[in-house]
Amino acid sequence: MENETYKPWQQLCCTLDGHTIDAAHHRFPLHAPTGIEADLLRFLDEWYSDEPILCVHTSGSTGTPKEWRVRKELMINSARTTCDALNLHAGDRALLCMSLDYIAGKMVIVRALTAGLELVVRQPSGHPFATETGHLHFAALIPLQVYNSMQTEEEKKRLAEVDNLIIGGGAIDPELETALRTMPNRIYSTYGMTETLSHVALRRLNGPNASMWYHPFPSVHLSLSKEQTLVIDAPLVCEQTLHTNDVAELRDDGSFRILGRRDNIVNSGGIKIQLEQVEAALHSLLTMRFALTSVPHPKFGEALVLLLEGNSPDEAIAEKIRHKLPRYHCPKYILHVDAIPETETGKINRAASRELARRKLATERNKNI
């Protein structure tokens, strides 16, 4: 394909800290580009090159991050689908406040290029609304950014002024979701992954259309495998049918909800335990950060482990859990750690959590020898 195919808009209109960035001609105000500015230029160099393929990387939440080669044409399809779904038009203002190392940040730029959006650029941080952004028609944030923004009145006010807010890259805490229900703007949770070039389904979190079910875009067809994992047929963004590891419940109208990941199922004594479902049940009990994982066990095959940040009386926590959960869903071990392992995008790093639990349990056993 000719390079011109990838230039639906010849100039990307950007502002950073009140200064206009002429990204199309690589001109920045009074200084050499660094941080998000430099990352933006590198991406645009790749985007406008003659190469029809871009390399993106997965987040690594379940293991080592993987490289994924995608056609720019499919990224444009994904951008158009989102802009159509959210009714975004040329001249609308969109916030870029995510790292460009991953697909979510890259797709914000592609949406701006495809729909002619004005891009308001902020250095990626946990507080994207710490400074004035002006009225925004669109923003994509991770749950941590939304949580932080809800903690101060000024940032919460700016967050509420974003017409369309999408939240992705990790699970939304039930308490945060409850707090978002009263917000006046349109807020969505997204379902997608690197392989689908961002999201293929949206779930409204507030307003009269709030739901616990995701609704796929019209061009997306979903089904379940024999293991009850979600199968995605999205030809506009993914050239092959995608067999995910997400255990799902699928309704006749195509809406669905995710129960957890198949690789996060612990088989303990013949009882299959979905980690995400047990974690959801524990959110109302535990105020500290936590994660569930497993370790090998000679009798049960696998044993459930609760990792807790900080120090709290184990017996008091165990007693609460016994009253809340079915017997076979109660952790066999409770381990205190300095920090729950996370990926760069703020998700629980499941592989690192398993390894941490294994090492810490071995250390504590050795102390008792």
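The values are calculated or read from the model by the stated rules, or taken from the named source; none is laboratory data. These figures come from a predicted structure and were not determined experimentally. Glycine gets a Cβ as well: all are built from the backbone with ideal geometry, and neighbour counts include every protein chain shown.
The single condition among (1) over 18 Å from the mean Cα position of the chain (by Cα); (2) surrounded by fewer than 23 Cβ atoms within 10 Å (Cβ to Cβ); (3) touching a residue at least 24 places away in the same chain (Cβ under 8 Å) that D84 does not meet is (3).
The numbered conditions (1) surrounded by fewer than 14 Cβ atoms within 10 Å (Cβ to Cβ); (2) on the phi < 0 side of the Ramachandran plot; (3) not assigned by TED's automatic domain parsing to the domain that holds S353 are all true for T244 except (1).
Does at least one position in the stretch 316-330 carry a residue that is assigned to a loop (DSSP other than H, G, I, E, B), surrounded by 18 or more Cβ atoms within 10 Å (Cβ to Cβ) and modelled with pLDDT under 95? Looking for residues that are assigned to a loop (DSSP other than H, G, I, E, B), surrounded by 18 or more Cβ atoms within 10 Å (Cβ to Cβ) and modelled with pLDDT under 95, one finds none in the stretch 316-330, hence no. Those residues that are over 19 Å from the mean Cα position of the chain (by Cα) and of a type in the set (S, T, N, Q), I need them from the stretch 230-252; list them, please. Correct list: Q240, T241. With respect to the conditions (1) on the phi > 0 side of the Ramachandran plot; (2) touching a Leu at 6+ places or on another chain (Cβ under 7 Å), F256 lacks only one, and its number is (1). Looking at this structure, is L306 at pLDDT 95 or above and either at positive phi or surrounded by 19 or more Cβ atoms within 10 Å (Cβ to Cβ) (or both)? It is true that L306 is at pLDDT 95 or above and either at positive phi or surrounded by 19 or more Cβ atoms within 10 Å (Cβ to Cβ) (or both).
As a summary of the residue check, E355 satisfies the conditions (1) more than 17 Å from D263 (Cβ to Cβ); (2) among the acidic types (D, E); (3) surrounded by fewer than 15 Cβ atoms within 10 Å (Cβ to Cβ) except for the one numbered (1). Does the stretch 115-122 include one or more residues that are small (G, A, S) and in contact with a helix residue (DSSP H, G or I) (Cβ under 8 Å, 6 or more places away or on another chain)? Within the stretch 115-122, one or more residues are small (G, A, S) and in contact with a helix residue (DSSP H, G or I) (Cβ under 8 Å, 6 or more places away or on another chain).
Taking the numbered list (1) in contact with a strand residue (DSSP E or B) (Cβ under 8 Å, 6 or more places away or on another chain); (2) under 26 Å from L224 (Cβ atoms) in turn, A280 passes all entries but (1). One residue is enough: does the stretch 303-314 have a residue meeting the conditions part of a helix (DSSP H, G or I) and assigned by TED's automatic domain parsing to the domain that holds H336? Yes: one or more hits.
The residues of the stretch 263-310 that are out of contact with any Lys or Arg (no Cβ under 9 Å at 6 or more places or on another chain), among the β-branched types (V, I, T) and within 12 Å of P331 (Cβ to Cβ), listed by number, are I273, V278. For the stretch 274-303, a residue qualifies if it is touching a helix residue (DSSP H, G or I) at 6+ places or on another chain (Cβ under 6 Å), surrounded by fewer than 17 Cβ atoms within 10 Å (Cβ to Cβ) and either under 19 Å from E342 (Cα atoms) or of a type in the set (G, A, S) (or both), and exactly one does: H283. Restricting the stretch 331-355 to residues that are in contact with a Ser or Thr (Cβ under 8 Å, 6 or more places away or on another chain) and part of a helix (DSSP H, G or I), the residue that is nearest to G269 (Cα to Cα) is R354.
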